[in-house]
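Novice: This structure is in structure tokens; I'll ask about it shortly.
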Amino acid sequence: MRRDVADRYRVNQPTVLHQTIEGETVIIHLERGLYYSLDETGAEVWEGLAAGRSSSDVADHLAARFGSDRAEVGSAVDSLVDRLRSEELIVPVDGADGADGDGVAIPSAVLGDAVPAPAGARFQPPRLERFGDLQDLLLLDPIHAVDESGWPERRENS
Amino acid sequence: MIARVPVDTATGPTWSRREGLARLTDAFAQAVVHTGQVERTYSIAGHSVRIQAAGEAVLGIVDPALAHLAMDDQRSPDLVVRLWDSASSGVPLPGLPPPDATAGDGDRTVRSAYHAVPRIMSIYDRIRRRATVWVPDAAQVPSNELASPLRTVLHWWSRDHGLQFVHGGAVGLDGRAVLLAGPSGAGKSTAALACLLGGLDYLGDDYVLVGDGPRPAVHSLYSAAKLQPGHVEAFPQLGPLVENAHELPAEKAMWFVHRHFSERTMASARAVGVLVPEVTGERGTTIVPIRPAAALAALAPSTIVQLSGADQGSLSAIGAFLGRVPSYRLRSGTDLPGLAQAVRRFVQEAPEVSG
């Protein structure tokens with residue numbers, strides 16, 4: 001199986017913030033005022049990518065965990081990666097060793113030796129939900145609105 | 001077109017924030033010559049914060065919301081905020097410092113932010129814990145700013161104490177409290193006011209501080225409460241007490257809780273739960289466990305997009321808090337006394353969160 005070392009990504013920092021809690025991930029895109037949630041499978045993909053794993057490695061891992069068809073899992077992972085890229089949440093990295101990952105230490109239980117999923121659990125394609133309810137907030141309160149030199153434009157001698 | 005540029009990071013020559021702080025503070029000193037200086041000290045999360053205001057009108061921007069935390073303490077404060085305006089003092093906002101090729105990435109020990117609407121300039125020296133804040137006219141500060149003054153400076157300062165500013169309310173009893181988490185419109189304020197009128201103590205409805213540590217805590221910042229004008233009729237006893245009737249219905253109705261319920265404000269409490277309100281349209285209220293990621297999605301994004309300087313550390317701090325304190329959906333019913341009872345029972349019966 002070809003492992004494509006170019007298929008590595010990093011989190012689009014510092015614009016994108018992320019936090020995984022009990023296996024689910026919340027992501028915030030500061031510039032666009034959008035936020036996202038990833039279900040457990042999606043969170044595993046995300047954490048793997050953020051740690052510098054290739055999407056191919058991540059798919060291998062998930063297929064082993066669930067004892068699922070590698071092609072089916074690979075297709076689902078690729079779909080999620082495409083969506084994460086189009087939402088500007090991850091960006092590709094170059095480099096043979098793909099060492100531009102987030103530097104987050106991933107415990108082996110999340111992405112090391114594939115711990116088998118609970119008996120009867122089936123691989124479900126990862127789900128990414130997007131929320132746009134805060135965009136108005138961002139546009140209405142331009143905290144960071146400054147002129148090019150970083151100081152507010154003084155309009156009156158008050 | 002105004003560029004959206006984070007003020008705290010920059011590339012290339014930019015103005016020196018330390019020089020900007022010096023100019024802004026010198027202007028404050030000039031303002032005080034004209035207006036006199038009035039001081040108040042407040043206890044926020046157990047730390048003393050002293051406001052030095054250039055005149056009573058300027059003090060009036062912050063004191064109403066913070067008065068429940070006022071303390072009489074002459075010891076050296078942890079934070080000093082010098083606050084002035086141009087209208088009272090006749091002193092204009094000083095000219096900007098010249099570009100400084102050495103400023104480069106920005107002096108990380110000095111933070112600055114300019115809010116364009118309403119106009120507020122805030123600069124904070126992290127090492128000395130001294131801030132200077134300017135507004136054009138104290139008499140023109142809108143009520144939603146009076147309800148939560150100095151958010152930017154208090155956010156920066158609280159971070160240096162390992163505390164996290166959050167967009168949420170809190171109510172409690174006997175040293176224990178629940179955080180009410182959720183974006184605007186979720187029902188935090190209605191729940192908080194219902195709980196106040198139902199006998200619980202009030203820590204806030206819009207912004208509070210949370211802290212991790214051996215016992216996760218929630219700390220009051222502001223005693224203000226705000227409601228959409230259409231919701232005021234659910235609280236008939238509060239209608240006559242509105243502070244800003246002249247601004248309705250264009251603005252939210254605002255109260256300062258301590259003015260009318262002075263014994264029912266609470267400065268700090270141990271956090272025993274995070275409640276995420278949801279309006280159901282049903283009569284009764286129920287409280288059901290939810291996964292912490294749901295609480296994180298309710299609490300973190302609206303917190304972070306509003307706060308100057310919020311970053312990955314902020315999100316991680318919120319995540320750490322939610323990893324310790326259990327989360328629930330507060331399925332809010334239309335029977336508001338019943339809602340208060342449900343929350344009261346929860347606060348009384350929830351187990352303590354320990355390390």
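The values are calculated or read from the model by the stated rules, or taken from the named source; none is laboratory data. A quick note: this is a predicted structure, and the numbers were derived from the prediction, not measured. Because the Cβ atoms are built from the backbone with ideal geometry, glycine has one as well, and the counts that use them run over all protein chains shown. When the accessible area is computed, the model is the full protein with side chains, heavy atoms only, and any ligands, DNA or RNA have been set aside. Shrake-Rupley method; radii C 1.70, N 1.55, O 1.52, S 1.80 Å.
Novice: Surrounded by 20 or more Cβ atoms within 10 Å (Cβ to Cβ), within 14 Å of chain A (Cβ to nearest Cβ) and more than 30 Å from B:V62 (Cα to Cα): does that describe B:A320?
Specialist: So B:A320 does not fit the description; no.
Novice: If B:W156 meets every condition in (1) more than 12 Å from chain A (Cβ to nearest Cβ); (2) crowded, with 22+ Cβ neighbours inside 10 Å; (3) over 30 Å from B:M266 (Cβ atoms) apart from one, which number is that one?
Specialist: Going through the list (1) more than 12 Å from chain A (Cβ to nearest Cβ); (2) crowded, with 22+ Cβ neighbours inside 10 Å; (3) over 30 Å from B:M266 (Cβ atoms), B:W156 breaks only (3).
Novice: Which residue out of A:V45, A:V77 is at pLDDT 95 or above, over 19 Å from A:Q19 (Cβ atoms) and crowded, with 23+ Cβ neighbours inside 10 Å?
Specialist: It is A:V77.
Novice: Could you go through the range B:241-252 and let me know if any residue there is over 16 Å from the mean Cα position of the chain (by Cα), farther than 20 Å from B:I61 by Cα and modelled with pLDDT under 95.
Specialist: Checking the range B:241-252: at least one residue is over 16 Å from the mean Cα position of the chain (by Cα), farther than 20 Å from B:I61 by Cα and modelled with pLDDT under 95.
Novice: Could you list, in sequence order, the residues of the range B:277-309 that are within 16 Å of B:G211 (Cα to Cα) and more than 8 Å from chain A (Cβ to nearest Cβ)?
Specialist: The answer is B:L299, B:T303.
Novice: Which residue, of B:S314, B:S354, B:S302, B:S308, is part of a loop (DSSP other than H, G, I, E, B) and open to solvent by less than 20 Å² (accessible area, probe 1.4 Å)?
Specialist: B:S308 is the lone residue from the list that is part of a loop (DSSP other than H, G, I, E, B) and open to solvent by less than 20 Å² (accessible area, probe 1.4 Å).
Novice: Quick one: in the range B:327-351, of everything that is open to solvent by less than 50 Å² (accessible area, probe 1.4 Å) and assigned to a loop (DSSP other than H, G, I, E, B), which residue is nearest to the other protein chains (Cβ to nearest Cβ)?
Specialist: So, considering only residues that are open to solvent by less than 50 Å² (accessible area, probe 1.4 Å) and assigned to a loop (DSSP other than H, G, I, E, B), the one nearest to the other protein chains (Cβ to nearest Cβ) is B:A350.
Let's see how each residue does on (1) crowded, with 24+ Cβ neighbours inside 10 Å; (2) at pLDDT below 95:
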residue: B:A170; (1), (2): yes, no
residue: B:G175; (1), (2): no, no
residue: B:L179; (1), (2): yes, no
residue: B:A186; (1), (2): no, yes
residue: B:A191; (1), (2): yes, no
residue: B:C195; (1), (2): yes, no
residue: B:G198; (1), (2): no, no
residue: B:D212; (1), (2): no, yes
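Novice: Still on this structure, I have one more. Looking at B:D78 and the list (1) within 15 Å of B:V153 (Cβ to Cβ); (2) crowded, with 19+ Cβ neighbours inside 10 Å; (3) of a type in the set (D, E, K, R), which single condition is not satisfied?
Specialist: Single failed check for B:D78: (2).
Novice: Where in the range A:13-68 are the strands (runs of 3 or more DSSP E), entirely inside, with at least 3 residues that are in contact with a Phe, Trp or Tyr (Cβ under 8 Å, 6 or more places away or on another chain)?
Specialist: A:24-29, A:34-38
Matching residues to (1) under 23 Å from B:R324 (Cα atoms); (2) part of a strand (DSSP E or B); (3) touching a residue at least 24 places away in the same chain (Cβ under 8 Å):
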{"position": "B:L196", "(1), (2), (3)": "no, no, yes"}
{"position": "B:G199", "(1), (2), (3)": "no, no, yes"}
{"position": "B:H219", "(1), (2), (3)": "yes, yes, yes"}
{"position": "B:E233", "(1), (2), (3)": "no, no, no"}
{"position": "B:P240", "(1), (2), (3)": "no, no, no"}
{"position": "B:E243", "(1), (2), (3)": "no, no, yes"}
{"position": "B:E251", "(1), (2), (3)": "no, no, yes"}
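Novice: Check the range B:104-112 and report whether any residue there is open to solvent by less than 10 Å² (accessible area, probe 1.4 Å), at the interface with chain A (Cβ under 9 Å from one of its Cβ atoms) and assigned to a strand (DSSP E or B).
Specialist: Among the residues of the range B:104-112, at least one is open to solvent by less than 10 Å² (accessible area, probe 1.4 Å), at the interface with chain A (Cβ under 9 Å from one of its Cβ atoms) and assigned to a strand (DSSP E or B), which makes the answer yes.
Novice: Could you tell me whether A:Q13 is polar (S, T, N, Q) and modelled with pLDDT under 95?
Specialist: Judged against the criteria, A:Q13 is a match.
Novice: Can you tell me how many residues within the range B:1-35 are open to solvent by less than 70 Å² (accessible area, probe 1.4 Å), at pLDDT 50 or above and of a type in the set (D, E, K, R)?
Specialist: Within the range B:1-35, residues that are open to solvent by less than 70 Å² (accessible area, probe 1.4 Å), at pLDDT 50 or above and of a type in the set (D, E, K, R) number 1.
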